[in-house]
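Engineer: One structure, pasted below without further comment.
The values are calculated or read from the model by the stated rules, or taken from the named source; none is laboratory data. What you see is a predicted model; the values in this text were computed from it and never measured. Counting neighbours? That spans all protein chains shown, and the Cβs are built from the backbone with ideal geometry, glycine included.
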Amino acid sequence: MNIRLSSFKRDHGLKELLSPDTSEFWHTDDNLPHFVKLSFSKRTYIDHIQLTLSYFKDDSYTPEKLDVFAGDTTDSMEKIFSLSLFEPEGAVLLMVKSSVFYIYVVIAANHQEGRDSHIRHLKVIATNNEEVIPNLY
């Protein structure tokens with residue numbers, strides 16, 4: 001699995017997003033929408049994506065509306081669902097339950113009309129509750 005981020009501030013990128021230490025986080029550095037693009041070398045069944053969010057710590061940097069897209073090619077992506085959040089604290093599960101080559105998680109809005117976003121952890125879960133480990137090169 002490869003992961004691409006729409007933007008990030010120095011020392012708040014992919015390494016921090018994947019860290020289980022929730023004092024570390026991905027911090028975007030551009031205008032909305034923000035995104036995490038996941039790609040797989042072969043069609044892969046994804047049960048869910050787990051995001052760790054903290055409205056208590058992040059306030060207006062906390063995502064409020066997420067759109068999730070999936071598909072077999074970048075040209076065939078379809079929105080599989082949208083999710084509205086109210087002051088989330090802890091794990092947020094994005095139920096994919098599909099075999100795909102690509103998944104895009106799009107942050108469409110933040111709380112209090114914030115511009116940048118914080119996500120404190122991301123984990124991708126496949127069949128049998130196994131975590132999909134990203135390529136970090």
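Engineer: Tell me which residues, restricted to segment 124-137, are surrounded by 15 or more Cβ atoms within 10 Å (Cβ to Cβ) and part of a strand (DSSP E or B). Give the derivation first.
Structural biologist: Just the residues of segment 124-137 that are surrounded by 15 or more Cβ atoms within 10 Å (Cβ to Cβ), to begin with: 124-126, 132, 134.
Hits for segment 124-137 are VAL124, ILE125.
Engineer: Next question. Among SER76, SER23, which is modelled with pLDDT of 95 or more and either outside any strand (DSSP E or B) or under 14 Å from the mean Cα position of the chain (by Cα) (or both)?
Structural biologist: Values: SER76 fails: modelled with pLDDT of 95 or more.
Answer to the selection: SER23.
Engineer: Within segment 79-116, which residues are assigned to a loop (DSSP other than H, G, I, E, B), touching an Asp or Glu at 6+ places or on another chain (Cβ under 8 Å) and charged (D, E, K, R)? Give the derivation first.
Structural biologist: If we filter segment 79-116 for residues that are assigned to a loop (DSSP other than H, G, I, E, B), which is where we start, we get 85-88, 114-116.
Narrowing the set further to residues that are touching an Asp or Glu at 6+ places or on another chain (Cβ under 8 Å) leaves 85-86, 114, 116.
Answer for segment 79-116, where residues must be assigned to a loop (DSSP other than H, G, I, E, B), touching an Asp or Glu at 6+ places or on another chain (Cβ under 8 Å) and charged (D, E, K, R): just ASP116.
Engineer: Looking at (1) under 14 Å from HIS121 (Cβ atoms); (2) in contact with a Pro (Cβ under 8 Å, 6 or more places away or on another chain), find the lone condition where ASN2 falls short.
Structural biologist: It is condition (1) that ASN2 fails.
Engineer: Can you tell me how many residues in segment 41-73 are β-branched (Val, Ile, Thr) and part of a helix (DSSP H, G or I)? Walk me through how you get there before you give the answer.
Structural biologist: The first filter runs over segment 41-73 and keeps only residues β-branched (Val, Ile, Thr), leaving 44, 46, 49, 52, 62, 68, 73.
Within this subset, residues satisfying the condition of being part of a helix (DSSP H, G or I) are none.
The number of residues fulfilling the criteria is 0.
Engineer: Further question: Name the residue that is nearest to the chain's Cα centre (by Cα), counting only residues in segment 35-73 that are under 11 Å from ILE103 (Cα atoms) and of a type in the set (Val, Ile, Thr).
Structural biologist: Among those that are under 11 Å from ILE103 (Cα atoms) and of a type in the set (Val, Ile, Thr), it is VAL36.
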